[in-house]
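Q: Okay, handing you the structure first.
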Amino acid sequence: MKFSSSSSVFALGIILMTLVSQSYGNLKVGYYRGKCGKHNVEEIVFNVVKAYASKDPNTVGHLIRLQFHDCIVRGCDASVLVDGPKTEKTAKPNLSLGGFEVIDTAKDVLESVCPGVVSCSDILILAARSSVALYGGKWYDAETGRRDGWVSSQSEALKNLPSVNMPVQNAVHLFNSRGLTKEDFVVLLGGHTVGKVHCDKFQDRLYNFYNTRKPDPRMNPALLKTLRNTCPAKGKINSATFLDQTPKSYYRMDNGYYKQLVANRGVLEIDVNIANSPLTNSIVKKLAYSNDGFFLDKFGKAMIKMGRIGVLTGKQGEIRRSCGAINRH
Ligand code: HEM
């Protein structure tokens with residue numbers, strides 16, 4: 001992870017943003033321009049992410065996943081950030097989320113310079129974009145103008161978050177129902193090119209795949225050996241490894257994840273399934289055999305599209321004062 005060029009990444013991003021001014025519904029590129037005194041909201045978020053990410057590269061994966069888990073449940077409304085009993089955060093698949101402190105810090109800084117202006121849902125979207133850009137991805141024009149929601153429910157999260165063994169067809173259907181295409185789904189799974197996964201999410205593939213008492217026959221034998229070392233059969237500690245097993249590219253936004261998939265080196269069952277399903281395997285191959293730029297362009301566009309799910313505007317939501325707590329009671 002190098003940050004030497006991060007200022008130029010940001011500067012270039014701002015130039016692109018002023019050149020291309022699009023809007024989608026009530027969302028807009030550069031919504032906060034001029035709304036926070038002399039302060040540049042997007043730059044503030046970028047700098048907070050940069051500070052955290054320079055200390056802990058896991059930040060990048062945390063923030064990308066956070067956007068997914070927020071947007072897929074009830075839309076991009078910061079419902080995943082709410083603290084308290086039976087909120088989305090408490091749902092099992094969300095227990096391994098990270099990056100909340102990055103959002104909270106950005107929110108604190110923004111509240112100190114322009115209180116009540118910037119929504120937590122927008123901060124989350126801007127933070128994900130910043131981490132993509134900082135770790136080798138392409139800057140994209142994230143849209144802003146969302147308001148924060150009033151509802152966060154554990155059961156809703158459990159119902160809507162996909163499981164690792166969800167059939168590809170059902171996953172495609174889930175994404176379709178959120179306005180995303182089959183290709184968007186495969187491209188967004190490319191978020192797995194950065195970040196970590198815990199043993200309990202794929203242990204069955206190593207030892208007892210669908211009660212066969214054998215490993216998943218589709219797993220490359222060298223990978224099987226490595227992963228069994230990381231995740232012993234009777235291991236008490238739930239260790240973590242990388243979703244993209246390309247050496248030296250663990251924290252890099254690139255198409256390494258797809259290259260691993262076509263080499264039978266996917267870690268999660270869903271990853272393996274998209275490489276094998278007739279619905280999606282040609283998309284996986286195209287992404288694997290094209291250059292990084294092909295994937296990165298598509299990834300940015302798909303993140304923007306995902307950011308449009310269930311957006312709240314005007315009186316449909318609020319600007320939270322603290323991202324973990326809903327203002328309205
Ligand atoms: C069917 C869809 C998906 C399933 C079943 C799935 C499942 C998972 C699982 C089980 C993990 C590991 C969690 C852990 O053990 O800590 C994970 C990590 C991750 N996922 Fe997904 N995922 C899906 C789609 C996506 C999408 C669409 C994105 C992004 C746009 C994404 C981004 C990530 C990232 C970045 C990580 C690493 C998180 C970190 O390092 O903190 N995933 N995913």
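The values are calculated or read from the model by the stated rules, or taken from the named source; none is laboratory data. All values reported here derive from a predicted model rather than from experimental measurement. When we count neighbours, we look across all protein chains shown, and the Cβ atoms used for this are built from the backbone with ideal geometry, even at glycine. Accessible surface is based on the protein model in full, side chains and every heavy atom, while ligands, DNA and RNA are left aside. Shrake-Rupley method; radii C 1.70, N 1.55, O 1.52, S 1.80 Å.
Q: Once you keep just the Cα pairs under 8 angstrom separated by 6 or more residues, what percentage relative contact order results for the chain?
A: Values: 539 pairs, mean separation 80.8, N = 329.
Relative contact order of the chain: 25 percent.
Q: How long, wide and thick is the chain, going by the Cα atoms along their three principal axes, in whole angstroms, largest first?
A: 61, 43, 36
Q: Under a point-charge model restricted to the Cβ atoms of Lys and Arg (+1) and Asp and Glu (-1), what is the dipole moment magnitude of region 168-302 relative to its Cα centre, in debye to the nearest 20? Intermediate values should be presented prior to the final figure.
A: On the way: 20 positive and 11 negative charges, 88 e Å.
Once rounded to the nearest 20, the dipole reads 420 debye.
Q: Can you pull the percent of the chain's accessible area that's carbon plus sulfur, 1.4 Å probe, other chains left in place?
A: Details: 8000 of 14760 Å².
That fraction is 54 percent.
Q: Would you mind getting the accessible area per residue of region 41-197, heavy atoms of the protein chains only, 1.4 Å probe, in Å²? Numbers along the way, then the final one.
A: Details: 5150 Å² over 157 residues.
Per-residue accessible area for region 41-197 comes out at 33 Å².
Q: Next up: Of the options 94, 72, 209, report the single residue whose Cα projects farthest towards the positive end of the charge dipole of the chain (beta-carbon charges: Lys, Arg +1; Asp, Glu -1).
A: It is 209.
Q: Here is a follow-up. Would region 168-302 count as rounded, prolate or oblate if I go by the C-alpha gyration tensor, calling it rounded below 1.5 in a/c and otherwise prolate when a/b exceeds b/c, oblate otherwise? It would help to have the intermediate numbers written out before the result.
A: Numbers: a/c = 1.93, a/b = 1.51, b/c = 1.27.
Here region 168-302 falls in the prolate category.
Q: Also, quick follow-up: Can you list which of the trypsin sites (Lys or Arg not before Pro) found in region 227-280 are DSSP loop residues with at most 10 other C-beta atoms within 10 Å?
A: Values: sites: 228, 234, 236, 248, 252, 259, 265; in loops: 234, 236, 248, 252, 265.
Answer in residue order: 234, 236, 248.
Q: Count of lysine pairs in region 168-302 with Cα atoms under 20 Å apart, counting only pairs 8 or more residues apart in sequence or on different chains?
A: 27
Q: To continue, here is another question. Determine the relative contact order of region 168-302: mean sequence separation of Cα pairs under 8 Å and six or more apart, normalised by residue count, in whole percent. Provide the component values of the computation, followed by the final result.
A: Details: 177 pairs, mean separation 39.6, N = 135.
Relative contact order comes out at 29 percent.
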